[in-house]
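I have placed the structure first, in the form of structure tokens, so that the comments after it can refer back to it.
The values are calculated or read from the model by the stated rules, or taken from the named source; none is laboratory data. Computed from a prediction, not measured in an experiment: that's the story for all the values here. When we count neighbours, we look across all protein chains shown, and the Cβ atoms used for this are built from the backbone with ideal geometry, even at glycine.
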Amino acid sequence: MNTQAPVIEFELVNKWYKNYHVLRDVNLNVQKGERIVICGPSGSGKSSLIRCVNGLEPYQGGHLRVLGRELTDDARTVQAIRHSVGMVFQQFNLFPHLSVLENLTLAPIWVEKVSPEVARERAMTQLERVRIAEQANKYPQQLSGGQQQRVAIARALCLKPQIMLFDEPTSALDPEMVGEVLRVMTELAKEGMTMLCVTHEMGFAQSVADRVIFMDKGEIIEQNTPKEFFTSPQMQRTQEFLKQVL
Amino acid sequence: MDKAPNIQASKALVNPTLADGFFAPLVKSLIKSLFGSPFNAVCTLVFLWILTLLIPSLVSWGYTNAVFAADPQACQEARGVGACWGLIRAKYSVILWGRYPFEQQWRAQLTTVLLLVLIFRSSIIGATTGIRKSLAFEWVGVLILIFILMSGQLGPLEFLRSSVISPFLGKPFTVVPTDLWGGLPLTILLSFVCIVLATPIALFLALARTSEMPLFNVLSKTYIEVVRGVPLISVLFMASYMFPLLLPSGYSPDVLIRVILGITLFAAAYIAEIVRAGIQTVPKSQTEAAVSIGLGYWHTQYLVVLPQAIKVVIPGIMNSFISIFKDTSLITIVSLYELTGSLTLAMNGDALWLPYKLEGYLFITSVYFVFCFAMSRYSLWIEHKLKRA
């Protein structure tokens with residue numbers, strides 16, 4: 001049993017979009033090195049949940065601590081947390097006006113103030129890790145979806161984050177490109193990265209996750225190890241969902 | 001059926017080979033586009049008919065019967081049938097250099113050259129390596145040099161005037177107050193300074209206007225709406241006559257500075273709206289990606305949002321720059337005689353040449369055209385460059 005303090009702590013977190021209750025009394029602790037897959041029907045609040053972790057979405061009730069710091073409105077706290085928390089988006093969100101290499105060196109140069117040479121070296125290391133180093137001088141539009149997503153992962157890794165958030169990283173990809181992105185994510189998981197991953201890739205969840213969380217209507221309905229989760233789901237809504245996706 | 005020969009023709013146009021000849025496909029495609037349909041044919045014929053009426057009389061007025069010598073007598077005789085280009089020969093120095101003292105005009109000429117070189121260099125550097133600190137230093141340096149050259153004010157180096165500078169030049173180096181500056185150098189100087197100052201202000205206004213902070217948002221919105229609701233001419237009038245009333249007595253900045261301030265603040269509001277349109281085309285996901293890698297607000301705007309926003313609105317921004325260039329002609333209202341103003345000055349000052357205003361206006365029109373056309377080509381070049389990247 002891990003006795004360290006959790007790196008992410010949700011404590012009765014509530015969130016509304018105007019009158020719409022997006023997150024209801026969410027309690028969730030994530031330990032260092034834990035790999036968590038979050039699934040659920042669309043509109044269940046799973047994206048909102050992980051977007052709260054790096055402050056892209058505000059929450060209105062409860063407490064959320066990331067890496068020991070309470071996430072508040074304070075711009076500095078939020079920026080410090082974002083610096084240690086990498087995020088990968090469904091639509092990649094690479095910067096189209098910058099080359100692949102410039103996408104990766106932007107934050108190290110401007111946020112960490114490292115020299116361009118160091119930033120470049122770091123970027124090339126990450127690009128090699130996602131096996132795309134030969135595309136360093138191309139622009140994002142010249143790459144396939146799978147390649148762009150791998151660049152996006154490398155961009156997040158350039159800041160040496162302690163936690164990685166994945167918001168449906170393979171949903172916008174053609175089926176034949178899903179594999180290359182999942183492979184990179186699996187390698188990352190094996191290296192001990194703390195990961196929170198919203199995905200419908202149940203195979204990935206089964207092989208990589210320590211815990212699978214099922215959400216519906218803003219609530220965490222069920223959480224369990226992948227083995228238990230997929231073989232003997234407890235709740236009826238989980239069973240219905242799994243019937244649809246498996 | 002129709003398309004095949006057309007494609008061939010256009011291919012031949014792009015890549016003429018010796019076998020095809022160059023003119024045959026060109027003529028073919030011209031005939032096709034001019035007479036392709038009955039409507040096109042009628043339009044072409046009507047247009048040709050109008051041209052046959054206009055061109056001969058234009059040629060006879062502008063060239064055959066025109067007077068090229070600076071001879072008012074000959075111009076008087078040719079009046080109504082031929083242009084009097086001699087006017088330009090007689091008056092170009094007042095038109096181009098305004099009220100600047102005649103024997104000191106080399107300073108206005110040198111200023112024009114310096115400004116043009118500076119602008120040309122900045123345009124090329126700005127488009128290739130981006131605007132760097134060194135360029136800003138160059139601007140400040142050249143502008144100070146121009147100020148000294150034009151005004152003749154030496155400040156702490158005053159003692160050099162009679163001992164070094166005048167002997168070196170072989171003629172006096174006098175002080176020329178700013179209200180005597182005029183003509184082309186004033187037009188270029190004003191436009192350049194106003195553009196360089198208005199653009200950053202516009203960026204801040206646009207950022208404030210798109211910001212989520214209500215205070216900045218409202219302030220920027222109010223400013224832009226107020227300025228857009230007022231004609232430039234009244235802004236200039238107020239800058240020149242009202243501004244001094246608001247300041248403590250005895251302290252009133254130079255009229256040129258007041259005018260620069262007026263045009264800059266006016267133009268900034270317009271450019272801000274163009275930039276705002278550009279900012280709105282940048283998806284929110286770009287901002288999210290930027291902040292998710294730890295970039296703060298200013299870095300996000302400067303590195304991610306604005307480069308993409310400006311790229312989209314370059315034609316609009318260049319439109320504004322061209323407007324500023326031409327709008328400088330309004331400063332005649334506060335008795336500064338830039339290109340247009342000094343033309344009026346040149347014409348009204350001499351009854352002999354007064355009847356040939358049209359020729360004078362054609363002359364400065366061509367000067368304006370050269371500059372505006374260059375600006376518009378530059379904008380196209382930048383767009384093309386960015387598209388390739």
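Worth a mention:
- Subset of segment A:140-170 (residues that are more than 23 Å from residue A:114 (Cβ to Cβ) and in contact with a Ser or Thr (Cβ under 8 Å, 6 or more places away or on another chain)): A:149, A:166, A:167, A:168, A:169, A:170
- Filtered residue count, segment B:268-292, keeping only those that are facing chain A (nearest Cβ under 7 Å) and in contact with a Leu (Cβ under 6 Å, 6 or more places away or on another chain): 1
- Among the residues of segment B:168-178, none qualifies, meaning not one is assigned to a helix (DSSP H, G or I), surrounded by 14 or more Cβ atoms within 10 Å (Cβ to Cβ) and not hydroxyl-bearing (Ser, Thr, Tyr).
- Options B:301, B:308; residue that is in contact (Cβ under 8 Å) with a residue 40 or more places away in the chain, assigned to a helix (DSSP H, G or I), within 14 Å of chain A (Cβ to nearest Cβ) and more than 17 Å from the chain's Cα centre (by Cα): B:301
- Any hit, segment A:158-175, residues being surrounded by fewer than 18 Cβ atoms within 10 Å (Cβ to Cβ), part of a helix (DSSP H, G or I) and of a type outside the set (Asp, Glu): yes
- Any hit, segment A:51-66, residues being among the basic types (Lys, Arg), closer than 22 Å to residue A:212 by Cβ and facing chain B (nearest Cβ under 10 Å): yes
- Residues satisfying the stated conditions in segment B:125-159, i.e. surrounded by 12 or more Cβ atoms within 10 Å (Cβ to Cβ) and without any contact (Cβ under 8 Å) to a residue 24 or more places away in the chain: B:125, B:126, B:131, B:135, B:136, B:138, B:147, B:148, B:153, B:154
- Residue B:333 more than 13 Å from the chain's Cα centre (by Cα), within 14 Å of chain A (Cβ to nearest Cβ) and at pLDDT below 95: no
- Residue under evaluation residue A:183, criteria (1) of a type in the set (Lys, Arg); (2) surrounded by fewer than 23 Cβ atoms within 10 Å (Cβ to Cβ); (3) within 13 Å of another protein chain (Cβ to nearest Cβ); (4) not in a loop (DSSP other than H, G, I, E, B), criterion not met: (3)
- Counted residues, segment A:211-239 - those being more than 15 Å from the chain's Cα centre (by Cα) and either of a type in the set (Asp, Glu) or not in a loop (DSSP other than H, G, I, E, B) (or both): 19
- Subset of segment A:1-58 (residues that are assigned to a loop (DSSP other than H, G, I, E, B) and of a type in the set (Asp, Glu)): A:34, A:57
- Filter result for residue A:19 (modelled with pLDDT under 95 and closer than 16 Å to residue A:166 by Cβ): no
- Test result for residue A:192, surrounded by fewer than 20 Cβ atoms within 10 Å (Cβ to Cβ), within 16 Å of the chain's Cα centre (by Cα) and not basic (Lys, Arg): yes
- Filter result for residue B:186 (part of a helix (DSSP H, G or I), touching a residue at least 12 places away in the same chain (Cβ under 8 Å) and under 23 Å from the mean Cα position of the chain (by Cα)): yes
- For segment A:88-118, a residue qualifies if it is in a helix (DSSP H, G or I) and within 12 Å of another protein chain (Cβ to nearest Cβ), and the qualifying residues are A:102, A:103, A:104, A:105, A:106, A:107, A:108, A:109, A:110.
- Failed criterion for residue A:141 (all others in (1) over 30 Å from residue A:28 (Cα atoms); (2) away from chain B (no Cβ under 11 Å); (3) surrounded by fewer than 17 Cβ atoms within 10 Å (Cβ to Cβ); (4) in contact (Cβ under 8 Å) with a residue 40 or more places away in the chain hold): (2)
- Counted residues, segment A:121-135 - those being surrounded by fewer than 19 Cβ atoms within 10 Å (Cβ to Cβ) and either without any contact (Cβ under 8 Å) to a residue 12 or more places away in the chain or within 30 Å of residue B:281 (Cα to Cα) (or both): 5
- Residues being outside any loop (DSSP other than H, G, I, E, B) and either among the aliphatic types (A, V, I, L, M) or under 12 Å from residue B:359 (Cβ atoms) (or both) - total across segment B:53-85: 12
- Note on segment B:224-289: enclosed helices (runs of 4 or more DSSP H) holding 1 or more residues that are farther than 21 Å from residue B:191 by Cβ and out of contact with any strand residue (DSSP E or B) (no Cβ under 7 Å at 6 or more places or on another chain) are B:243-246, B:255-281.
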